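*Asks:* Got a structure for you, questions after.
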Amino acid sequence: MAVFEKKIVRKVYLDDTQTLTCFFENAQNIQGHTEYIIRVQRGPLPEKTWHIYKRYNDFVSLHNVLQGSGINLPLPPKKLIGNMEREFVAERQTGLQNYLNLVLMNPILASSLPVRRFLDPDNYSTPFQELALQHVSMALRSEVNYEVVKPVPEIGWRIRKHYFLVKCRNSPKEEMLLSWVEHGPDKYLEDRDLQAVFKSISNLQHPYIQNYEFLSCNEVGGFVVHGLNNAGSLRDLLCTAKPKLQFIKKYGNPKQYKPLSAGEISSFGRQILEVLRFLSEKGLPY
């Protein structure tokens with residue numbers, strides 16, 4: 001018996017872009033509270049299913065978080081008297097099923113961490129932001145020029161991509177943004193080869209590609225440091241959004257849109273096409 005045999009724990013990677021669907025199977029009375037049994041499935045394969053058990057207050061907590069998106073969601077109202085009656089429980093179950101269906105039909109909400117954590121707590125209860133800060137701090141430990149100032153949480157849609165404000169000791173007044181992402185399920189290159197790829201990318205120069213101040217990777221993930229554009233992305237411009245706001249607040253239901261003029265469409269379109277041609281000529285996929 002191998003008592004002292006070392007157990008090798010391999011990290012399991014999930015594809016966060018796979019859709020989640022859910023179906024209410026039943027409801028049960030647990031210590032005077034109604035608990036709903038929900039079957040959740042990831043992707044198209046029926047064997048990738050599991051069950052979660054939720055009370056109405058769990059939906060209220062989720063709803064309070066999603067209200068920041070500005071999207072109108074029909075959460076069934078609260079009821080204090082008669083909420084254990086069979087007819088009411090069945091009616092509320094139908095309403096909650098409709099609520100989750102609408103949430104999962106919206107790509108912004110469906111890909112958000114609160115929704116993923118609600119439906120798949122085993123895989124999404126990890127403190128992603130705190131772990132990312134630890135990895136970034138370790139990666140920058142040998143880089144004396146850069147220092148993490150503070151995190152900028154959830155400004156993008158990717159759950160495992162995290163952003164931090166950093167400052168460079170050579171230009172401390174300039175605000176810079178570091179983006180960190182851990183390796184996903186499609187990582188096949190060895191760390192040494194990936195370092196070479198990062199070095200090659202750092203040498204790319206084009207007038208319509210933002211310059212990178214610093215980029216690197218390790219066995220956990222990779223990061224990029226570049227100047228912070230206070231105007232934000234093209235999507236921020238269209239949605240008149242502040243770039244540092246959370247993703248669901250910026251793009252869930254913008255209060256107003258700013259259409260591009262014909263000149264701006266022509267200019268931005270040309271820049272994008274020229275960059276794509278440049279990448280194609282360099283043999284880089286996009």
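*Asks:* Check Gly184, Gly269, Gly221, Gly252 and return the single one that is of a type in the set (Gly, Ala, Ser) and over 30 Å from Tyr13 (Cα atoms).
*Replies:* Sole residue among the options that is of a type in the set (Gly, Ala, Ser) and over 30 Å from Tyr13 (Cα atoms): Gly269.
*Asks:* Within segment 92-132, considering only helices (runs of 4 or more DSSP H) that don't extend past its boundaries, which have at least 2 residues that are within 11 Å of the chain's Cα centre (by Cα)?
*Replies:* Counting at least 2 such residues, we get 107-110, 113-119.
*Asks:* Something else: Considering every residue within segment 115-132, establish whether at least one is surrounded by 12 or more Cβ atoms within 10 Å (Cβ to Cβ) and farther than 23 Å from Leu20 by Cα.
*Replies:* yes
*Asks:* Related question: Do the conditions hold for Glu219, that is, is it more than 24 Å from Lys250 (Cβ to Cβ) and in contact with an Asp or Glu (Cβ under 7 Å, 6 or more places away or on another chain)?
*Replies:* Yes.
*Asks:* Can we say Ser202 is in contact (Cβ under 8 Å) with a residue 60 or more places away in the chain and touching a strand residue (DSSP E or B) at 6+ places or on another chain (Cβ under 8 Å)?
*Replies:* Spelling it out, it is not the case that Ser202 is in contact (Cβ under 8 Å) with a residue 60 or more places away in the chain and touching a strand residue (DSSP E or B) at 6+ places or on another chain (Cβ under 8 Å).
*Asks:* Right, Phe4: modelled with pLDDT of 90 or more and either assigned to a loop (DSSP other than H, G, I, E, B) or farther than 30 Å from Lys187 by Cα (or both) or not?
*Replies:* Considered against the rule, which asks whether it is modelled with pLDDT of 90 or more and either assigned to a loop (DSSP other than H, G, I, E, B) or farther than 30 Å from Lys187 by Cα (or both), Phe4 comes out as no.
*Asks:* May I ask you to verify whether Gly227 is surrounded by 13 or more Cβ atoms within 10 Å (Cβ to Cβ), under 28 Å from Glu175 (Cβ atoms), more than 17 Å from the chain's Cα centre (by Cα) and at pLDDT below 95?
*Replies:* Yes.
*Asks:* Considering only residues that are of a type in the set (Ser, Thr, Tyr) and in a helix (DSSP H, G or I), look in segment 182-205 and name the one that is farthest from the chain's Cα centre (by Cα).
*Replies:* My answer is Ser200.
*Asks:* Only one of these conditions is not met by Leu189: (1) surrounded by 16 or more Cβ atoms within 10 Å (Cβ to Cβ); (2) hydrophobic (A, V, I, L, M, F, W, C); (3) touching a helix residue (DSSP H, G or I) at 6+ places or on another chain (Cβ under 9 Å). Which number is it?
*Replies:* Single failed check for Leu189: (1).
*Asks:* Please identify the pairs in which a residue from segment 214-233 that is not assigned by TED's automatic domain parsing to the domain that holds Lys199 has its Cβ atom under 6 Å from the Cβ atom of a residue that is at pLDDT below 90, counting only partners at least 6 apart or on another chain.
*Replies:* Listed by first residue and then by second, the contacts come to nothing, as the list is empty.
*Asks:* I've got another one for you. Considering only residues that are in a loop (DSSP other than H, G, I, E, B) and among the polar types (S, T, N, Q), look in segment 206-224 and name the one that is surrounded by the most Cβ atoms within 10 Å (Cβ to Cβ).
*Replies:* Asn218
*Asks:* Does any residue of segment 270-286 turn out to be under 30 Å from Asn72 (Cβ atoms) and either among the charged types (D, E, K, R) or surrounded by 12 or more Cβ atoms within 10 Å (Cβ to Cβ) (or both)?
*Replies:* Within segment 270-286 (the criterion being under 30 Å from Asn72 (Cβ atoms) and either among the charged types (D, E, K, R) or surrounded by 12 or more Cβ atoms within 10 Å (Cβ to Cβ) (or both)), the answer is no, since none of the residues qualifies.
*Asks:* Answer yes or no as to whether Phe198 is more than 26 Å from Ala132 (Cα to Cα), out of contact with any helix residue (DSSP H, G or I) (no Cβ under 8 Å at 6 or more places or on another chain) and aromatic (Phe, Trp, Tyr).
*Replies:* Considered against the rule, which asks whether it is more than 26 Å from Ala132 (Cα to Cα), out of contact with any helix residue (DSSP H, G or I) (no Cβ under 8 Å at 6 or more places or on another chain) and aromatic (Phe, Trp, Tyr), Phe198 comes out as no.
Per-residue answers, yes or no, for (1) modelled with pLDDT of 95 or more; (2) more than 25 Å from Gln256 (Cα to Cα):
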residue	(1), (2)
His63	yes, no
Leu66	yes, no
Pro77	no, yes
Leu80	no, yes
Asn83	no, yes
Glu87	no, yes
Ala90	no, yes
Gln97	yes, yes
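The values are calculated or read from the model by the stated rules, or taken from the named source; none is laboratory data. None of the values given here were measured: they were computed from a predicted structure. Cβ atoms come from the backbone with ideal geometry, glycine included; neighbour counts cover every protein chain shown.
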